[in-house]
Amino acid sequence: MSELMLVQVLETTKLDVAPVLSLLDLETRAPNGSKGEEARDHLLGRVFGLLAIISSRLPFTSKDGCTQCTSMAEMLLDLYWSKSWLRPSVGLVMVQLIDSLQHISTSTSWREEVIQAIIKVLFASRGAWTPERVCWQLRARSYDWDPVDGWDPLLSPRFENVDILHTKNLAVLAEIIKVCTSVRH
């Protein structure tokens, strides 16, 4: 219920996204020395805030949408790697960001630029492959998003074929799922 209210406020006020992101960053930082529930609440508040901003569609109508969307992807990725228990929630918010970017009008001048930037943010790092990262790549591929240099440099040497679901990659996918499942339990 509160997410819906926040989304409505963001939609109706037509705020600039940059100050909203700055405020979210400032207000959801855990105080030094905070532990346990307090730190968890700040992290969840940040995820919730980013979800509300994405749901409001505010960044996708902004002239500076490319920068704002890239900033949100970076914030989400930082949250994603910060705590393993937070990954499924952040993963779903990232999928919502990808879905929202797909629905930006093709006439929007910065659409292709932001798609390339998001691909770079999500896949250029050599971080561990997780089920959520596999999901993001499959979602991007389902929308025919292709990096300028192709998927090979971003997927190799981990995956033998750029089609992650290719039979040559099934052992790798099984390993990713197995490792991540054992870590989370």
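Between the listed residues 53, 70, 174, the Cα displaced farthest toward the positive end of the dipole of the chain, a dipole computed from Cβ unit charges relative to the Cα centre, is found at 174. Given +1 at the Cβ of Lys and Arg, -1 at the Cβ of Asp and Glu and no other charges, the dipole of the range 2-184 around its Cα centre is 420 debye to the nearest 20. Taking every DSSP helix (H) stretch of at least 4 residues in the chain, weighting each as -39,500 (n - 2.57) and dividing the sum by the residue count yields a mean residue ellipticity at 222 nm of -21000 deg cm²/dmol.
The share of alpha-carbon pairs in the chain lying farther apart than 30 Å comes to 22%. The order of the peptides 132-144, 48-60 by mean Cβ neighbours within 10 Å, most packed first, is 48-60, 132-144. Among the listed pairs 83/178; 35/83; 35/120; 83/120, a Cα-Cα separation exceeding 24 Å is found for 35/120.
Take every pair of alpha-carbon atoms less than 8 Å apart whose residues are at least six positions apart; their mean separation over the length of the range 2-184 yields a relative contact order of 18 percent.
Every read-out reported here was derived from the displayed coordinates using simple, explicitly stated rules and does not represent laboratory data. Keep in mind the model is a prediction, meaning the values are calculated, not measured. Reconstructed Cβ throughout: ideal geometry from the backbone, glycine too, with neighbour counts over all protein chains shown.
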